[in-house]
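The values are calculated or read from the model by the stated rules, or taken from the named source; none is laboratory data. All of these numbers come straight from a predicted model, not from anything done at the bench. Glycine also receives a Cβ, built like all others from the backbone with ideal geometry; neighbour counts cover every protein chain displayed. Note: accessible area is taken over every heavy atom of the protein model, side chains too, but ligands, DNA and RNA are not part of it. Shrake-Rupley method; radii C 1.70, N 1.55, O 1.52, S 1.80 Å.
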Amino acid sequence: MLSESVRKIHSDFESDLIGVSNLKDLEDVRTKYLSRNGLITSLFDELKNLPKEEKPLAGKLLNELRDFASNQFKSLKDKLELSSSVDNQKIDLTLPASFKKLGSRHLLTQTLDEIKTIFKGLGFSVFDGPELESDYNNFEALNFAPDHPARDMQDTFFISKDYLLRTHTSPVQIRVMSSNKPPVRAIMPGRVYRNEAVSSRSYCMFHQVEGLYVDTDVTFAELKGTLVSFAQQFYGGDLNYRFRPSFFPFTEPSAEMDITCYLCHGKGCKVCKQTGWLEILGCGMIDPNVFKSVDYDSEKLTGYAFGMGIERTAMLKYGITDIRVFFENDFRFLKQF
Ligand code: DAH
């Protein structure tokens, strides 16, 4: 009799539990079966009235039913509590994931890396030198006359009578030659300073890459070949170029290299001042006086040098018209590259 009731209550309990989807319904089921007056608890009362010999078996069955029901109740309760706490957080699983924004290399770094890669491919190694430089390395050893206008307070940030913030990367040529026997073939990138009014075209600080090749029998033709190869790799294959005579104290002869204006393709426009050409660098054959200052034998050696501004190079390549954007770190500019 009792065992039949146990079986029935067992299956009723299971089917009641299947219909439960929230904690309130679950509590109703608990009250119905497991509370003080619940169906299972009441069965224990009936145990008293059973004949003595039936009691052990019936007791065992009842204990099993109660344990089963309590366990089922508990595990469903845990499950429902967990899902209701997730519901409360209102997680929208359809929202796109939020990714951390990664930084990227500054356009100047990218441009310099590209320049370095090209010159390394042409057999150049990379050196650097200090931004605080001696007047001797920056001017005198490079054959600047004592009264050269570039030494003027207007152009140079002097730190003391003999020290200054370098105005170009050319003094690194002196350092490289002074501490290395020829042949040397190197590029020397770095930051330079000039005491200039800040405008869209000039800044008090910018970057240059210097180049140097010294050996026996280095020719102007090699200088041209190297720079044309660089320009073709950097600016693109089908560009037109020209070398114009110029003057720098540390090279003789000196030249400036122009490439076809990227904007008007040589027709003439505002950017190239109607010439169709854009100057990209200065260069020349190393002046014997420079060799003298680093104890190189100017009878046996020849060499070439060149220098270009990295900001200017990037501006020409990407059509940037204001140099100040390189230093403002405006995210809208930076993220374009
Ligand atoms: N130092 C020059 C400047 O700042 C650039 C330059 C011109 C470097 C000719 C050179 C060179 O090595 O040969 O304007």
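Over region 1-143, calculate the relative contact order: mean separation of alpha carbon pairs under 8 Å at least 6 apart, over the residue count, as a percent.
19 percent
Enter the angle in degrees (range 0 to 90, nearest 10) between the Cα long axis of helix 2-18 and the first principal axis of the Cα atoms of the chain, meaning the one along which they spread out most.
Roughly 30 degrees between the two axes.
Provide Rg over Rh for the chain; use the alpha carbon set for both Rg and the Kirkwood Rh (inverse mean inverse pair distance).
1.58
In terms of solvent-accessible area of protein heavy atoms at a 1.4 angstrom probe, what is the ranking of Phe250, Phe157, Phe139, highest value first?
Per-residue accessible area, sorted high to low, gives Phe157, Phe250, Phe139.
Using the Cβ atoms and a cut-off under 14 Å, what net charge is assigned to the surroundings of Ser5, where Lys and Arg are +1 and Asp and Glu are -1?
Spelling it out: positives minus negatives among the neighbours equals -3.
Net charge near Pro253, counting Lys/Arg +1 and Asp/Glu -1 over other residues with Cβ under 13 Å of its Cβ?
Around Pro253, the surrounding residues sum to -1.
What list of ³J(HN,Hα) couplings, whole Hz, do you get for region 295-304 from phi and the Karplus terms 6.51, -1.76, 1.60, once you set θ to phi - 60° and write x for glycine and proline?
Listing the rounded values in order: 6, 9, 7, 6, 6, 9, 10, 10, x, 10 Hz.
Amide H neighbours of Ser246 under 5 Å, counting only residues 5+ apart in sequence or on other chains, H built in-plane at 1.01 Å?
Placed amide hydrogens put Ser254, Ala255, Glu256 under 5 Å from Ser246.
Using the Cα centre of the chain as the reference point, and only Cβ charges (+1 on K/R, -1 on D/E), how large is the resulting charge dipole? Debye, rounded to the nearest 20.
Magnitude of the dipole: close to 840 debye.
Angle, helix 220-235 long axis vs. longest principal axis of the chain, Cα atoms, 0 to 90°, nearest 10?
Once rounded, one gets 30 degrees.
Please provide three numbers in whole Å: the alpha-carbon extents of region 219-331 along the principal axes, with the largest listed first.
Dimensions of region 219-331 along the principal axes of its Cα atoms: 49, 33, 24 Å.
What FRET efficiency comes out for the pair Asn63/Leu95, r = Cβ-Cβ distance, R0 = 41 Å, nearest 0.05?
In this case the efficiency is close to 0.25.
How large, in Å, is region 140-200 by the Kirkwood hydrodynamic radius built from its alpha-carbon pairs?
Computed over region 140-200, the radius equals 13.3 Å.
Using θ = phi - 60° and the Karplus curve 6.51 cos²θ - 1.76 cosθ + 1.60, what whole-Hz ³J(HN,Hα) does each residue of region 180-186 get, with Gly and Pro shown as x?
These are the phi-based 3J(HN,Hα) values: 9, 6, x, x, 10, 9, 8 Hz.
How do His106, His168, His265 stack up against each other in accessible area, from largest to smallest, with a 1.4 angstrom probe?
Largest accessible area first, the residues go His265, His106, His168.
For a quick protection proxy, order the peptides 188-198, 66-76, 202-212 by their average other-Cβ count within 10 Å, most packed first.
202-212, 188-198, 66-76
Principal axis extents for region 1-157, Cα atoms only, whole Å, descending order, please.
127, 33, 26
Per DSSP helix of 4 or more residues, -39500 (n - 2.57); summed, then divided by the residues of the chain. What does that give at 222 nm, rounded to the nearest 500?
Helix contribution divided over all residues of the chain: -12500 deg cm²/dmol.
What residues qualify as long-range amide H neighbours of Ser125, i.e. H under 5 Å apart, gap of 5 or more or another chain, H built at 1.01 Å from N?
For Ser125, the qualifying residues are Arg185, Ala186, Ile187.
Do me a favour and compute the ellipsoid semi-axes for region 2-88 from its Cα gyration tensor, root of five times each eigenvalue, largest one first, whole Å.
Taking √(5λ) for each eigenvalue gives 30, 11, 10 Å, largest first.
Where the only charges are on Cβ atoms (+1 Lys, Arg; -1 Asp, Glu), what is the dipole of region 2-88 about its Cα centre, to the nearest 20 debye?
260 debye
How many nm is it between the label spots at Glu27 and Glu81, if each spot is 7 Å from the Cα in line with the beta carbon?
For the pair Glu27/Glu81, the computed spacing is 1.4 nm.
Compute the projected area of the convex hull of the Cα atoms of region 45-85, averaged over all viewing directions, and report it in nm² to one decimal place.
Result: a mean projected hull area of 3.2 nm².
Cα axis of helix 55-88 to longest principal axis of the chain: angle in degrees, 0 to 90, nearest 10?
30 degrees
Sorted by accessible area (1.4 Å probe), largest first, how do Ile91, Ile118 line up?
The residues order as Ile91, Ile118, largest area first.
Over what distance in Å are the Cα centres of region 212-276 and region 59-101 separated?
Region 212-276 and region 59-101 have Cα centres separated by 74 Å.
With labels modelled as points extended 7 Å from the Cα through the Cβ direction, what inter-label distance (nm, one decimal) is found for Glu53 paired with Glu252?
The modelled label-to-label distance comes out at 13.4 nm.
Nearest 0.05, what FRET efficiency do Gln110 and Asn88 give at R0 = 45 Å with Cβ-Cβ as r?
Given R0 = 45 Å and the Cβ-Cβ separation, E is 0.40.
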